[in-house]
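Contents: one structure, followed by commentary.
Coordinate-derived values only; no laboratory data. Values in this document were obtained by computation on a predicted structure and should not be read as measured data. In this analysis, Cβ positions are derived from the backbone assuming ideal geometry, glycine residues included, and neighbour counts consider all displayed protein chains.
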Amino acid sequence: GAIGIYKWRYTGLNRWHGKGSTPNFQKIIQERCDTYTQQIRPDSRSRDCQGITQAFMSAFISKDPCKATKEDYQPLIDLAYPTVPCGKAVFWSKTKELAREYAKGRGLLTLEDTLLGFLADGLSWCGEPGSSDLNYQSCPDWKKDCSTNYFSVFWEVLSERFAENACGTVQVVLNGSIENAFDKMSIFGRVEAHNLRSVVMLQAWLVHDPGKPPRDSCSGSSIKELESILNGRNVRFTCRDNLR
Ligand code: C8R
């Protein structure tokens, strides 16, 4: 009856509102790690992919999927710190594909070019207390369930480390076809912009979707907000509309 369904809904594997774990998650992580260390960056061949996969799984398996902490991911991050050479980092917000293209064409690097960014890109994952398996039915949604889920906390910690380590002149590709090109609630706005320790200059590129009217620009208030965060950190700032 109704009570039975209610109980099942709130205790079962289906109770969260986000996408479930990606099928074959562990296998994909292992395979991507091998590909990355052997083919994409052969200079990283000495990395222990078995250890890295183990550390990734141990971070969240058998744990309450709403109680992720940065510390859970520390052992994993210690095995594969996300660093790129000075002057090479590209950040983005709501422009992932375009930013990747932009970076690739110029010999620059996004977080997906580092090992952990590469491993996790496009995947979802969460565990279940009392089980050694992933939950393939559903995972917590940031808004509807909890912000401290393993997926979100992973990207936050990794992005924080990536920003902390960026140095010299770096770039950010932002979306000028949305209301706030700089969104202070995004990972770029909330985490990365506040953790640019050794960055001397940030160059922002505001991309406008050719099919849509521009909704924000370098002179808009959201960009002014970014500028003031950077001023407070002594990071020089430039902004240009339309990268296309
Ligand atoms: N970064 C954050 N999130 C990332 C990511 C990444 O590199 N790679 C993926 N796949 N994701 P958004 P944002 C996933 O709102 O919040 C770093 C995560 O699920 O367009 O400002 C990167 O260095 C995450 O919730 O951008 C970049 O500079 C969304 O995609 C910012 O942080 C992020 O979607 C981008 O984060």
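Neighbours of ARG41, meaning other residues whose beta-carbon lies under 10 angstrom from its beta-carbon, give a summed charge of 0 when Lys and Arg score +1 and Asp and Glu score -1.
Any idea what angle helix 70-79 forms with the longest principal axis of the chain, computed on alpha-carbon atoms, 0 to 90 degrees, nearest 10? That works out to roughly 70 degrees.
Projecting the Cα positions of ASN195, CYS239, PRO210 onto the charge dipole of the stretch 107-244 (unit charges on Cβ atoms of Lys, Arg, Asp and Glu, taken about the Cα centre) puts CYS239 furthest along the positive direction. For the residue pairs LYS63/LYS88; LYS27/LYS96; LYS70/LYS144, the alpha carbons lie more than 29 Å apart in LYS63/LYS88.
What the Cα atoms of the stretch 187-244 give is an Rg and a Dmax of 12.2, 37 Å. Among the chymotrypsin sites (Phe, Trp or Tyr not before Pro) in the stretch 126-158, those placed in a DSSP loop whose Cβ has at most 16 other Cβ atoms within 10 Å are TRP142.
Per residue, how big is the convex hull around the C-alpha atoms of the stretch 85-144? Give it to me in cubic angstrom, could you? If you can, show how the numbers build up before the last one.
Working: hull volume 7.9 nm³, N = 60.
Hull volume over Cα atoms, normalised by residue count, gives 132 Å³.
Normalised by the number of residues in the stretch 36-140, what is the relative contact order in percent for Cα pairs under 8 Å and 6+ residues apart? Walk me through the intermediate numbers first.
Numbers: 106 pairs, mean separation 32.4, N = 105.
Computed value for the stretch 36-140: 31 percent relative contact order.
Which stretch or stretches of the stretch 76-93 have amide N atoms under 18 Å from the point lying 7 Å from MET185's Cα along the Cα→Cβ direction? Under cut-off, by backbone N: 93.
Just check the stretch 125-218 against the gyration tensor rule for me: Cα atoms, a ≥ b ≥ c as the square roots of the eigenvalues, rounded for a/c under 1.5, and otherwise prolate or oblate depending on whether a/b exceeds b/c.
Details: a/c = 3.18, a/b = 1.56, b/c = 2.04.
Oblate, since a/c reaches 1.5 and b/c is not below a/b.
Seen through its C-alpha gyration tensor, with square-root eigenvalues sorted a ≥ b ≥ c, the stretch 65-166 comes out prolate because a/c lies at 1.5 or above while a/b is bigger than b/c.
Sequence-distant contacts, meaning Cα pairs under 8 Å at least 6 residues apart, place the relative contact order of the stretch 157-244 at 36 percent. Fraction of C-alpha pairs exceeding 23 angstrom in the chain: 55 percent, rounded to a whole number. Only one residue of ILE40, ILE52, HIS17 has its Cα farthest out toward the positive end of the dipole of the stretch 1-135, where Lys and Arg carry +1 and Asp and Glu -1 on Cβ, and that residue is HIS17. Going from the residue with the fewest nearby Cβ atoms within 10 Å to the one with the most, ILE178, ILE3 rank ILE3, ILE178. Dipole check for the chain: with +1 at the C-beta of Lys and Arg, -1 at the C-beta of Asp and Glu, and the Cα centre as origin, the magnitude is about 340 Debye. When only Cα pairs below 8 angstrom with a gap of at least 6 residues are kept, the stretch 125-198 shows a relative contact order of 28 percent.
Subtracting the Cα-Cα distance of VAL200 and ARG240 from their residue separation scaled by 0.36 nm leaves 12.6 nm.
Report the Stokes-Einstein translational diffusion coefficient (µm² s⁻¹, integer) for the stretch 1-139, Rh taken as the Kirkwood radius over Cα pairs, at 4 °C with viscosity 1.567 mPa s.
For these conditions, the coefficient is 77 µm²/s.
What angle do you read, to the nearest 10 degrees and between 0 and 90, between the alpha-carbon axis of helix 49-60 and the longest principal axis of the chain? For helix 49-60, the angle is close to 70 degrees. Between the Cα long axis of helix 2-11 and the first principal axis of the chain there is an angle of about 60°, rounded to the nearest 10. Using only the Cα atoms of the stretch 16-55, build the gyration tensor, take square roots of its eigenvalues as a ≥ b ≥ c, and label the shape rounded, prolate or oblate: rounded if a/c is under 1.5, else prolate if a/b is larger than b/c, else oblate. Because a/c hits 1.5 or more and a/b exceeds b/c, the stretch 16-55 counts as prolate.
Considering only TYR81, ALA166, ALA99, and ranking their Cα positions along the charge dipole of the stretch 71-174 that arises from unit charges at the beta-carbon of Lys, Arg, Asp and Glu, the one farthest toward the positive end is ALA99. Counting charges near PRO129 (Lys, Arg +1; Asp, Glu -1) among other residues having Cβ under 11 Å from its Cβ returns a value of 0.
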